Each structure stands twice: as C-alpha cells, then as structure tokens.
Amino acid sequence: MSAPSFWFRPQVKLWPAVLTPLAWAVARVARCRMQRKGWQAPVPVLCCGNLTVGGAGKTTVVIDLVQRLQARGVQPHVLTRGYGGKVPNGTQVMPAFHTAREVGDEPLLLARYCPVWVGGDRAVTARCAVSAGADCLIMDDGFQNPSLEKTVSLVVVDGAVGLGNRHVLPAGPLRETVEDGLARTDALLIIGADRHDVERLAQSRNLPVLHADLEQVDAPEVLRSSLYVAFAGIGRPEKFFEGLRSAGVKVVEALPFPDHYAYNNRDIARLLAEASRLGARLVTTPKDAMRLPASFRQNVVVMNVRLVWRDPQAPECLLDTLLARQA
C-alpha cells in the first residue's frame, strides 16, 4: 500500500480532522507502551529509527555506522524486525539460505556487512546476538519498541518530506507525537535538504542535529552510454530516480512500486516488455534486488547508494558517545 497523499500536504485539513480521535488513541497507546522497561544489554545499543512510517534512509545509515565500528575493531550485530518475514523470532539471517520472503529485504542486504538477527522482540534478538559474540548492537528501526533499552537513539528524517503534516497515524505519518519521540532522542540526522524546518524544531529542544546526503555510487561510463528503465519499491522511489539522473544515467522510464513490494511473474514480464520496447536495460536499488528471483536479477543493473556526512567528524563523535556511555 502507498501512503495517503494528504499525510504530506499540511494544507489539507479535512481528513486529519476526521481522523483525529483515532490519532489520539494511537498516540496514547504508543506513549503507554514506551513506559515499559526493556532488557538492559551488556553491550552498547545504538538505535537508528524514525518518527514516521516509510523509508527515511535508515538502512544506509546503519551500513555506514557498521563499517565505522568495524574500522574501530568493534564487532557490531544488527537487530531488525524483518518486514514481512516468516522465520522465528531470534533467527540469524543467512543470505545463502534465506530469501526476502522469509526474512525481509533489508536484513538480507545488511547481512552482507555483519551478522543480522530478525524478530519483533528486540530483547530476544539482542540476547542471541550477544551470545554469538556481538560487542555492540545496532537497531535498524525499533525506536518505538520498548523491549530493549537503548544507549543512544538516532532519529533519521528525510529532509524532503520532513515529518509530513505532523499528525499521528492514521491522520498523518507519525508513529507517535513529535513531543514524545523527541523526548527520547539523543540526536537527529536529516538526510538531504531540510525543506520543512525540522532542524529548527530539534534545536528548540536542544537536540544535536547532524546532516548527510544519499548519493548514488558513481555510475561507470557503460551505465551512462545506455538507456535504462528504472524501477523501485522503496519508501520514496522518486529519490532513487532523481539520483540516477543526477549521476548521468539516461532514464527513459521510471516505474515506482510500493515499499517492500513483492514482485511477481506479471511484474517481471511487464518490466522486461517495457525495457524491450524502449531498447533499454533495467536498473533498480539494492533492496529491490533482494526481492527479485535470482534468474531475473542477473538481467538487472543494481545501483548502490552511499551516505555522505556533511561533517565527517559527526558520525565519529556519535560513536564516541555511544561507546563512552556504555563504559
């Protein structure tokens, strides 16, 4: 399913007003839930979450921080729910064995970099990771999950959409009220241009604000010399399409799909037909590639993205804080 357009149009007043009673109920449930005490892990826990539903770039942030911790000699493990997964709580992701339908696309992607554990109960996955030798835990999402105590919580915001209309579900995209969420936040990371004054909101609460951009990995010359049909089933597919064009890739058609979309045979046939009709090749994101059959994936170019911090010392200071607090 796609998010309702009014979530990101503050000028629309009717639907948020109609849905306000339900939003109050959701906010109250979220507030009561977060008052529960979670398990205190014997290792530092860094949570990369957000206040809204949908993609904000958290997985790319997690990959960046995992690599930085590894460069310090730390052995991080990642904990994630595994969107749409069907394996038992506390399962370690094995890319050679599991599929995206079993564990989710993001866990499969993250497992290329470090051990990953899936399950809704973060206390269970944390215990499994610690038993397996983790000396640091990174939560990909789970900011609203109280089952595990966080050492540092980093809230990630897509600067292009901000916090939407700043209403709680279903009146808007927020999982909880802004006030409740920011009260538990240690730092805010805005990815891309801050088009909705989120930094000013954070600064009014004396929160540190970090900035970064998502950039396509430089496209080789062969990519620039061909025509491409781009497709993506992520939180904001248009970000991927814009990035391709900025990297000099000739996108003749861009096909968006819902976040975490499970591609079927009809979709694959449609993609192949469009590429053939336009004399183009297919290109998609790493997360989408995890959801494609292996036989089809080899016909698709995967364009990676990377996180570029505007202040190169900002993530290192964040990790210094994480490790110092645990010590």
Hits in the range 6-44 - residues which are of a type in the set (Gly, Ala, Ser) and open to solvent by 70 Å² or more (accessible area, probe 1.4 Å): none
The range 45-59, subset of a type in the set (Val, Ile, Thr) and crowded, with 24+ Cβ neighbours inside 10 Å, residue farthest from residue 167 (Cα to Cα): 45
From the options 215, 238, residue that is part of a strand (DSSP E or B) and open to solvent by 70 Å² or more (accessible area, probe 1.4 Å): 215
Among residues of the range 1-40, those that are among the β-branched types (Val, Ile, Thr) and more than 30 Å from residue 262 (Cβ to Cβ), counted: 3
Selection count, the range 179-203, where residues are more than 20 Å from residue 309 (Cα to Cα), open to solvent by 10 Å² or more (accessible area, probe 1.4 Å) and not in a loop (DSSP other than H, G, I, E, B): 5
Residue check, residue 47 closer than 21 Å to residue 118 by Cβ and either more than 16 Å from the chain's Cα centre (by Cα) or not in a helix (DSSP H, G or I) (or both): yes
Listing of helices (runs of 4 or more DSSP H) fully contained in the range 84-158 that carry 1 or more residues being touching an Asp or Glu at 6+ places or on another chain (Cβ under 9 Å) and closer than 19 Å to residue 64 by Cβ: 105-110
Every pair of residues 6+ apart whose Cβ atoms lie under 6 Å, when the first sits in the range 79-97 and is touching a residue at least 40 places away in the same chain (Cβ under 8 Å) and open to solvent by 40 Å² or more (accessible area, probe 1.4 Å) while the second is part of a loop (DSSP other than H, G, I, E, B) and acidic (Asp, Glu): none
Tabulated pairs, the range 36-55, first closer than 15 Å to residue 131 by Cα, second of a type in the set (Asp, Glu), C-beta under 6 angstrom, 6+ apart or interchain: 40/149; 43/135
Residue 63 being within 19 Å of residue 304 (Cα to Cα), modelled with pLDDT of 95 or more and either of a type in the set (A, V, I, L, M, F, W, C) or open to solvent by less than 50 Å² (accessible area, probe 1.4 Å) (or both): yes
Qualifying residue in the range 133-155 (condition: farther than 29 Å from residue 289 by Cβ, in contact with a Phe, Trp or Tyr (Cβ under 7 Å, 6 or more places away or on another chain) and acidic (Asp, Glu)): yes
Condition check for residue 3: open to solvent by less than 90 Å² (accessible area, probe 1.4 Å) and at pLDDT 95 or above: no
Meets criteria (β-branched (Val, Ile, Thr), outside any helix (DSSP H, G or I) and closer than 25 Å to residue 175 by Cα) for residue 78: yes
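The values are calculated or read from the model by the stated rules, or taken from the named source; none is laboratory data. Not measured: the values here are computed from a predicted model. Cβ atoms come from the backbone with ideal geometry, glycine included; neighbour counts cover every protein chain shown. What goes into the accessible areas is simple: the full protein's heavy atoms, side chains included, and nothing from ligands, DNA or RNA. Shrake-Rupley method; radii C 1.70, N 1.55, O 1.52, S 1.80 Å.
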